[in-house]
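Worksheet for the structure shown next.
The values are calculated or read from the model by the stated rules, or taken from the named source; none is laboratory data. Predicted model only: the values in this text are computed from it and were never measured. Cβ atoms come from the backbone with ideal geometry, glycine included; neighbour counts cover every protein chain shown.
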């Protein structure tokens, strides 16, 4: 899964680079050499590189423990004890299965499990050491990750593939890393489709029926890309960030399917060989050259063209099969595409409300009329957006937002649809998927009750919209619930149930839960008709998502739509005459409608049986990796059931072939009139919404199993077309989640036992919301390390009966290994990973001449501590020097501390050599973060000693401001804020603002020998120009004042065009924004400055030009015309530097234009190459006089800058 940052606010921060003489900024009195500072910054960044964008990723209130296995260290916080045990076993299974496939075995991998987000995801990095980070939450109903047997296994396998891929390093890079530490990672510098594609290929552990390569959603995306204009993305587009849907999903979609194509054609051995050779390249940006040796002498460009042609052929076959029956022609109400979810009818039927994340605007709740009129956005919703309508004027929506600064949780809000005003109903409850009972009597929703645990919850709702006591209706370890919908009579609740490796629809009624579908398809998004006679839902049976209807009286199922792309998330109008749903196209998801006409519904496709329990999701403990006699984890043997394809199904869907993609498999269901009962807890109402309880579960079950021999089959385990697709039918294999690793592309199917359990149970269970405060959190102490995993659920605690029923013989055969005991845990030790991870020699210069030295650094895996250090020697002065820096993420506020000593020169014109010793530069940063805005306040103190080196002359008394040796004690404050936003199609931030204020003071009150004060501020505003597409007016104003000077050094300079460092470009931190273009660097200086910048930015085109996998890509062209107006001035009583006070007549104007080439460098770094012409216009308020004697108003300056503007 993507390694995105842990928190992704929409705010876009303007650059705040280091002090430069070419633009206005407070001049430091400590004469530090930029190279030394840059080296220290590089050292600290190298230690923190995996945490880019997340310098303090985890809540300091978490208390961490560690599980040790032969190949992993699993770090987890309180409340995750049971899930951490599962992660440890899943990780060892992944190691056993994947290391033979990829031909590499790393030493040890750090795994961090955190329950601080409500979106399923994870990340992996080999730097500075192999690290996997996992969120302890299952995927949502509509996630592209929803096709899984076990979500935890899929997550662990996917991320561990990244480790085995990226950490495979050979040749010169391996030799370099052996000497200097792990710094060169050639496999990390390949196109993202290659990185994510390999992980998608293996995330299902060889099971061809699950994972994203088997997902009908991914198949739908690929089909639309293949058949709809402008055609399938060429390789250069796919290797770089897309501007069109499916944007961020593209590397997983295209990479996974392309890798499956290569696997089917050349085998796993070829892919593993390529990965090994690519990891040995000193120049990693030529993957095609490396791959030719392993892929039949063909370049990736040639292979991609053949793969794209196979995708087109397969898509045409699928569409032809769809057209063999009447095709549904919906009425499309919206056309913006992007991501849309959860269309809901208003109670009066006058509009549909839905959530959308468009490519060109804010994510929000939107409304559309039944005739397709856009009623606009209601309120911005950055995350989640599931909703239910209480009235035409009010909705209840689940909205994701930052909780306690470090977590992102979903909570329920009451939304006024007229004004957009939001009123919070829950806080930290992690509630999603709300639905109201008719009349608003109660609210049903899903609550994340703990790590990996989901519960179906009901709460009464009073007339004022306040929620009452919470009642857990259904919650069980290993079962995930989604999308509850209350029946019109209020007595039944339909919902999605993911359990035992499949997704079915279930019905809660009077404390009893029964399955109403029971098959191998993904049945999702139930919706009742107003009369309660039918339950509509979306299903991927037949390999395509369509709408189906279950008749409550008979249990019969009918197919409602027959579309060529996909139909999902239905909702029926209040009058029962219209069905609204999501319709997919290449542009993304849109809202569409069809009449509610049962007479036109189709017979459902032939059924494929549900996967056998033993071959689907394993029991929580049995069948997972167990300790062997020596105490190490072992992996169970694989079993798989081969299910022959139905001839009728094959005839209806000729795309089922050896090369068939995911959409080709028939995952149908048989109409059933007898729902399957499910053991369910007895609901118990809690007294208050935050009451705690101890769930108690008592169950008895019996299971019988009859082993069924099936013929050995070798199906092609790929969800994408092979090189030579045919229409030949082949069996489909259903594997257990733990197959034996093999280096071949075709797993072997063997016989397996099929268990049909019959069970009844009663339980009392309540769930507790996330604690509101540290005091409440203290009420939930960590569970004992020795507690049994079977006694702990993912989020609840269970008490087994005194006489548990023994395992049946069938299960014993399927799970031959003994039940493992819990792995022991210990307290987390930061020192395990805090040591130096690299070192580098360097050659630089100080004020005297050449210096040489070395730099190193490290950080612990939780980012609680990060450090960097340098030691160097000045060859001219024979003086030692050092620099050390520390950042602490173990507290709020975040702490930083640094110290350094080096040789500098005096700030006065005497230029004598000084020992510049910063004893300490300490700061505390307070952050106040939301998804759409960020506020940070840093309070700091710095103490620096300046001493003339022995043999150097003393201060020159003839100078007007001679610099004396002394101690500078400086206190500072820095405040920054941003809510600026940019979107996928933006060329610049388009809305919002950014602001920054800095103050510093040194004087007798701080113990300083120098008397200095500085204040500086800036504010920027971004405005979209109506009617002009992506055109933006960017405005910025800044200014500064200074008191005192060090040796007559000017506090501020202005003039010139900023030239950002390559480091700032690589980090995406932009550039210092104080630019007065058209004038020479340092033209103006003074103890104060004012500056205004205005830019009109407009798009020119999107050529998207590249060459196959070359690491340079021209994404877009845009232009800007600008005006800069500013000047420095002298404050009364301060040194005369500018020669003028603050006066409008002294303001200088610069005009110009820029052509901006939006480039992607190395597949990941997006920046602008700015080609500009600037003209110095002089003083517009004083007769347009020249800026100075050396500049005439008509001079034009060309310039080239790599980096974004403000």
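Which number in (1) buried (at least 16 other Cβ atoms within 10 Å of the Cβ); (2) at pLDDT below 95; (3) in a loop (DSSP other than H, G, I, E, B) marks the one condition that residue 1028 misses?
Result: residue 1028 passes all but (1).
Just checking, which of 421, 430, 458 is surrounded by fewer than 16 Cβ atoms within 10 Å (Cβ to Cβ) and either within 19 Å of residue 389 (Cβ to Cβ) or under 32 Å from the mean Cα position of the chain (by Cα) (or both)? Give the steps one after another, and end with the answer.
Values: 430 fails: surrounded by fewer than 16 Cβ atoms within 10 Å (Cβ to Cβ); 458 fails: surrounded by fewer than 16 Cβ atoms within 10 Å (Cβ to Cβ).
None of the others qualify; the one that does is 421.
Assuming residue 334 fulfils every condition listed in (1) surrounded by fewer than 22 Cβ atoms within 10 Å (Cβ to Cβ); (2) part of a loop (DSSP other than H, G, I, E, B) apart from one, which condition is it?
(1)
Inside region 239-289, can you point out the residues that are out of contact with any strand residue (DSSP E or B) (no Cβ under 8 Å at 6 or more places or on another chain), surrounded by fewer than 21 Cβ atoms within 10 Å (Cβ to Cβ) and within 30 Å of residue 338 (Cα to Cα)?
242, 244, 247, 248, 249, listed by residue number.
Whether any residue in region 1130-1144 is part of a helix (DSSP H, G or I) and either closer than 30 Å to residue 186 by Cα or not assigned by the TED database to the domain that holds residue 190 (or both) is what I want to check.
Checked region 1130-1144: at least one residue is part of a helix (DSSP H, G or I) and either closer than 30 Å to residue 186 by Cα or not assigned by the TED database to the domain that holds residue 190 (or both).
Residue 320 - would you say it is in a loop (DSSP other than H, G, I, E, B), under 28 Å from residue 261 (Cβ atoms) and over 33 Å from the mean Cα position of the chain (by Cα)?
no
Suppose we keep only residues that are touching a helix residue (DSSP H, G or I) at 6+ places or on another chain (Cβ under 8 Å) and modelled with pLDDT under 95 within region 490-517. Which one would you say is farthest from residue 141 (Cα to Cα)?
500
Of everything in region 1031-1055 that's under 27 Å from residue 1153 (Cα atoms) and not in a strand (DSSP E or B), which residue is modelled with the highest pLDDT? Can you show your working first?
Taking region 1031-1055 first, the residues under 27 Å from residue 1153 (Cα atoms) are 1031-1040, 1052-1055.
Imposing the further condition that a residue be not in a strand (DSSP E or B) reduces the set to 1031, 1055.
On the way: 1031: 97, 1055: 88.
Within region 1031-1055, the match that is modelled with the highest pLDDT is 1031.
Considering only residues that are over 18 Å from residue 342 (Cα atoms) and either touching a helix residue (DSSP H, G or I) at 6+ places or on another chain (Cβ under 6 Å) or in a strand (DSSP E or B) (or both), which ones fall in region 413-453?
Across region 413-453, the qualifying residues are 422, 423, 424, 442, 448, 449, 450, 451, 452, 453.
I'd like the residue in region 463-489 that is under 21 Å from residue 425 (Cα atoms) and either touching a helix residue (DSSP H, G or I) at 6+ places or on another chain (Cβ under 9 Å) or outside the structural domain of residue 571 (by the TED database) (or both) and, out of all such residues, is surrounded by the fewest Cβ atoms within 10 Å (Cβ to Cβ).
463
Hey, residue 971 hits all of (1) surrounded by 19 or more Cβ atoms within 10 Å (Cβ to Cβ); (2) under 42 Å from the mean Cα position of the chain (by Cα) but one; which does it fall short on?
So residue 971 meets the others, but not (1).
Go through region 368-385 and give me each residue that's surrounded by fewer than 17 Cβ atoms within 10 Å (Cβ to Cβ) and in a strand (DSSP E or B).
Those that are surrounded by fewer than 17 Cβ atoms within 10 Å (Cβ to Cβ) and in a strand (DSSP E or B): 374, 375, 376.
Of the residues 1176, 1120, which single one is assigned to a strand (DSSP E or B), over 30 Å from residue 193 (Cα atoms) and modelled with pLDDT of 95 or more?
The unique qualifying residue is 1120.
Hey, does region 580-589 have a residue that's surrounded by fewer than 23 Cβ atoms within 10 Å (Cβ to Cβ), assigned by the TED database to the domain that holds residue 387, closer than 21 Å to residue 518 by Cα and touching a strand residue (DSSP E or B) at 6+ places or on another chain (Cβ under 8 Å)?
No: zero hits.
Filter the helices (runs of 4 or more DSSP H) completely within region 147-233 down to those with at least 1 residues that are in contact with a helix residue (DSSP H, G or I) (Cβ under 7 Å, 6 or more places away or on another chain) and farther than 22 Å from residue 286 by Cα.
Because the criterion is at least 1 residues that are in contact with a helix residue (DSSP H, G or I) (Cβ under 7 Å, 6 or more places away or on another chain) and farther than 22 Å from residue 286 by Cα, the helices (runs of 4 or more DSSP H) in region 147-233 that meet it are 151-166, 192-202, 216-227.
Quick one: would you say residue 398 is within 30 Å of residue 60 (Cα to Cα) and either touching a strand residue (DSSP E or B) at 6+ places or on another chain (Cβ under 6 Å) or in a strand (DSSP E or B) (or both)?
It is true that residue 398 is within 30 Å of residue 60 (Cα to Cα) and either touching a strand residue (DSSP E or B) at 6+ places or on another chain (Cβ under 6 Å) or in a strand (DSSP E or B) (or both).
Hey, does region 343-366 have a residue that's free of Cβ contacts under 8 Å to residues at least 60 places away in the same chain, surrounded by fewer than 18 Cβ atoms within 10 Å (Cβ to Cβ), outside the structural domain of residue 238 (by the TED database) and touching a strand residue (DSSP E or B) at 6+ places or on another chain (Cβ under 8 Å)?
no
Which one of the conditions (1) farther than 30 Å from residue 248 by Cβ; (2) surrounded by 18 or more Cβ atoms within 10 Å (Cβ to Cβ) does residue 986 fail to meet, given that it meets all the rest?
(1)
State yes or no: is residue 174 in the same structural domain as residue 277 (by the TED database), touching a residue at least 12 places away in the same chain (Cβ under 8 Å) and either surrounded by 24 or more Cβ atoms within 10 Å (Cβ to Cβ) or under 25 Å from residue 503 (Cα atoms) (or both)? Write out each step before concluding.
Working: in the same structural domain as residue 277 (by the TED database): yes; touching a residue at least 12 places away in the same chain (Cβ under 8 Å): yes; either surrounded by 24 or more Cβ atoms within 10 Å (Cβ to Cβ) or under 25 Å from residue 503 (Cα atoms) (or both): no.
So residue 174 fails the test.
With (1) surrounded by 15 or more Cβ atoms within 10 Å (Cβ to Cβ); (2) part of a strand (DSSP E or B); (3) out of contact with any helix residue (DSSP H, G or I) (no Cβ under 9 Å at 6 or more places or on another chain) as the list, and residue 826 as the residue in question, which single condition is left unmet?
Every listed condition holds for residue 826 apart from (1).
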